[in-house]
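Taking it in order: structure first as structure tokens, then the write-up.
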Amino acid sequence: MNTAAEPKQAAQQYDVLVVGAGMVGSAMACALADTRLSIGLLDSQPLEPMVAPATASGYDPRVSALSAASEQVLKSLGAWPRLPGDAVSAYRNMCVWDAEGTGEVSFDAQDLGELRLGHIVENYQIQNALLQQLTSSSVALLPGLRVQGLVREDSGWRVDCESGQRLQAPLVVAADGARSRLRELAGFALRQWDYLHHAVVTTLELSQPHQHTAWQRFLPSGPLAYLPLPERNGKHYCSIVWSLVPDEAQRIMALDDAAFCKAVTDALEARLGPVRATDRRVCIPLRQCHAKEYVMPGLALIGDAAHSIHPLAGQGVNLGLLDAAELSDVLHAALERGESLAELAVLQRYERARMGHNLAVMAAMEGFERLFHAQALPLRWLRNAGMQLFDTAPLLKAEVIRRAMGLSGERPSLARA
């Protein structure tokens with residue numbers, strides 16, 4: 001710790017400082033790497049390639065369901081070709097049904113003239129691909145630095161680290177996750193609430209192929225999603241996210257592996273046969289959080305620092321990558337016009353472009369979550385009837401899935417082919 005007699009360390013200067021080198025922060029730094037700006041990317045962790053986890057399946061339990069728009073963003077940044085071929089699992093179909101009725105909806109990429117609906121990829125593989133891209137760029141990687149303080153100065157913001165290192169930039173981008181330290185230090189106001197659910201996450205070995213299909217069943221205790229992973233050594237795998245009320249999550253976590261495999265087989269009605277084996281389970285409390293504002297002069301929130309949502313449809317990282325792509329568009333346009341990147345009026349263009357879309361997705365996920373927990377008989381009947389009607393409306397289905405894939409509506413330039 002510095003004492004009053006010790007000289008303060010001079011601050012390193014950058015034009016833009018991105019704090020948080022997860023998938024969204026790394027994508028943000030990549031998106032600005034082709035500018036004349038000096039970019040710093042700071043993270044509390046070592047910015048080195050991560051290795052495959054020591055699990056029975058060899059898969060990490062943390063995966064993302066990447067939309068077509070996210071795929072295009074990663075292609076535009078040069079990261080997609082760096083993903084190992086056996087790390088990417090395309091899914092062509094999706095099947096969703098209600099455990100307490102006959103309602104069922106299926107989606108097929110062929111109905112849209114597409115080859116796939118999306119891809120399931122382990123988070124660390126996406127992260128590695130982005131970091132590989134960054135190492136061949138001019139972006140300064142600043143690993144192992146934990147933020148301690150944030151100070152507003154005449155020339156911008158100064159980020160003080162626990163190590164004593166100081167970093168200064170006119171524009172700071174907070175991409176440091178749902179528990180953002182920068183968001184807290186800057187004093188952004190939040191709307192947040194607890195879902196009163198926990199997500200049980202793991203990887204399963206199946207007895208039958210997953211059919212390149214994402215499966216989701218809505219149970220009274222919460223939704224269960226099976227996300228298809230690539231086959232390995234002739235074995236079939238899925239990553240699962242099982243949302244449960246806390247007591248039930250605790251019970252499920254306490255089961256031995258054989259009992260858990262039976263429970264998760266029954267929960268999906270054995271549509272893929274008996275589950276053969278499971279990796280170690282992780283239990284994550286679920287909260288929703290949304291910043292009332294995304295920007296202030298010289299400071300912008302992106303990704304989970306701005307919004308975190310229920311993992312119901314795997315939209316979290318997709319929203320974050322679109323945030324990064326939109327902010328990149330805004331900053332590139334401001335550079336061309338000779339505007340100050342730190343000006344509130346400039347940053348509010350990003351906020352206007354993204355806040356409405358993010359709120360709409362969050363409201364839809366919240367609506368689905370509440371609808372499928374409703375136990376009143378009229379609501380259950382309406383829910384099932386609505387699903388059956390929706391499944392027979394091809395134009396409506398196509399529009400809904402195209403929006404979920406990021407193939408319709410306004411899109412940042414990085415998300416357009």
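Listed values, structure above:
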quantity: Structure-based [θ]222 nm, the chain - -39500 (n - 2.57) summed over DSSP H runs of at least 4, per residue, nearest 500; calculated: -10500 deg cm²/dmol
quantity: Accessible area per residue in Å² at 1.4 Å probe, computed on segment 142-252; calculated: 41 Å²
quantity: 0 to 90° range, to nearest 10: angle between helix 316-337 axis and the chain longest Cα axis; calculated: 30 degrees
quantity: Those GluC sites (Glu not before Pro) in segment 107-188 that DSSP places in a loop and that have at most 15 other beta carbons within 10 Å; calculated: Glu162
quantity: Kirkwood-type radius of segment 1-154, with distances r between different C-alpha atoms, in Å; calculated: 18.5 Å
quantity: Cα pair distances exceeding 15 angstrom across segment 292-334, given as percent; calculated: 47 percent
quantity: Value of relative contact order over the chain, rounded to a whole percent, pairs C-alpha under 8 Å and six or more apart; calculated: 21 percent
quantity: Cα pair distances of the chain binned at 20 Å [whole percent]; calculated: 26, 55, 18, 1
quantity: Residues Val151 and Arg271, FRET efficiency given R0 of 41 Å [Cβ-Cβ distance, rounded to 0.05]; calculated: 0.15
quantity: Apportionment of accessible area to carbon and sulfur, the chain, percent (1.4 Å); calculated: 53 percent
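The values are calculated or read from the model by the stated rules, or taken from the named source; none is laboratory data. Everything numeric in this text was worked out from a predicted model, so none of it was measured. All Cβ positions, even for glycine, are placed from backbone atoms using ideal geometry, and neighbour counts span all protein chains on display. The accessibility values were calculated without ligands, DNA or RNA, using every heavy atom of the protein model including side chains. Shrake-Rupley method; radii C 1.70, N 1.55, O 1.52, S 1.80 Å.
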